[in-house]
Amino acid sequence: MYGVVTRNAEELEWSEFDVGFYEVKRVTGEHVDPEPDAVNLVSCFGDTATAETDPHLAPVDAEGRRATKDHSALDWGYVCPSIEHYRDGLFEVIDACVAASDDVRLDEVGFPGPAFCHCEHCDDAFAESESDDREAWRASVVTSFVAEARERVPGDLYLTVHPDPYPGHLRAHSGVDLDALAAHVDEVVVPLYDTAYATTYWLEALLSGFADRLEGRDVRLGVELYAVDPDVGALAEAADLAGEYAENVYFGYHAGNARAVLRRWDAETREGVEWG
């Protein structure tokens, strides 16, 4: 199955795509209305606007720095996953998505990195928990959020994860316990972005690793490729290879290039006609 990730609602209707992901809540903090006949996508704890306007909600690293956009290790701002009222707000967004379409995709689920979080919310919650392992506690925070989202989503629940299949790395990085979360989601989507796709061996290495991690589980593997900058031919080769390991391939943020790839493949399957 092939699909597109887009911020343009009209592209959801393009016939070449089997599925369209539509960004409803974005990492900028911008919100738009959910779309019917789409998998509405929610960037959960990535929220630059909230981190800037309410910095006390942003995670704190081991050096006391807030996870705002100007943090040297981050590309955008975050809100701490342990803050209950923000989580409740996300559930309201998810409920609005479900009212428009049964399927939902969760993006930016988890903590922004292994150094987070040491905010007062996390310190208090960890102290009150029964755990003496902070990494395990972080994973429980993320898993409980996804589990509650699962109860609200009647259709397929998609989960975007950081592209690191090595056992234990996702858990240590962001609190994403892939083994625990696989029981709550229908598909794990791995973004493998490149501006050229001049080589593809790394795609194979990462995707084969995720395929091994998910083997034997009732969960699909999807891959999201960056469609904005690469040459259409290189993008087609990357998508072809990705399809050998992932059940579904999605193209991010340039529906025109994605459609060109699919049309190229369709043309290659048609028998030519000789005139003479």
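Derivation of every value follows stated rules applied to the coordinates shown; laboratory data play no part. This is a predicted model, so every value here is computed, not measured. No Cβ is skipped: glycine too gets one built from the backbone with ideal geometry, and neighbour counts run over all protein chains shown.
Among Thr199, Thr143, Thr48, determine the one that fluctuates most according to a GNM of the chain built with springs between C-alpha atoms less than 10 Å apart.
Highest fluctuation among the options: Thr199.
Can you give me the angle between helix 201-214 and the longest principal axis of the chain, using Cα atoms only, in degrees from 0 to 90, rounded to the nearest 10?
Between the helix axis and the principal axis of the chain, the angle is about 60 degrees.
Give the order of Thr53, Thr68 when sorted by the count of other beta carbons within 10 angstrom, beginning with the fewest.
Thr53, Thr68
Rounding to the nearest 10 and keeping the result within 0 to 90°, find how far the Cα-based axis of helix 84-100 lies from the longest principal axis of the chain.
It is inclined by approximately 30 degrees.
Calculate the spin-label point distance for Asp218 paired with Asp240, positioning each point 7 Å from the Cα along the beta-carbon direction, and give it in nanometres.
Computed distance between label sites Asp240 and Asp218 equals 3.6 nm.
Just to be sure I understand: of the beta bridges DSSP finds with both ends in the chain, what percent are antiparallel, rounded to 5?
On the way: 3 of 36 bridges.
Taking every DSSP beta bridge within the chain, about 10 percent pair in antiparallel fashion.
Please compute the modelled spin-label separation between His169 and Asp37, points set 7 Å along Cα→Cβ, answer in nm with one decimal.
Between Asp37 and His169, the simple spin-label model gives 4.0 nm.
Quote the charge dipole size of the chain about the Cα centre in Debye, to the nearest 20; the model charges only the Cβ of Lys and Arg (+1) and of Asp and Glu (-1). Show your work: numbers first, answer last.
Values: 20 positive and 57 negative charges, 71 e Å.
That gives the chain a dipole magnitude of about 340 debye.
With axes computed from alpha carbons, what is the tilt in degrees of helix 255-269 against the longest principal axis of the chain, rounded to the nearest 10 within 0 to 90?
For helix 255-269, the angle is close to 40 degrees.
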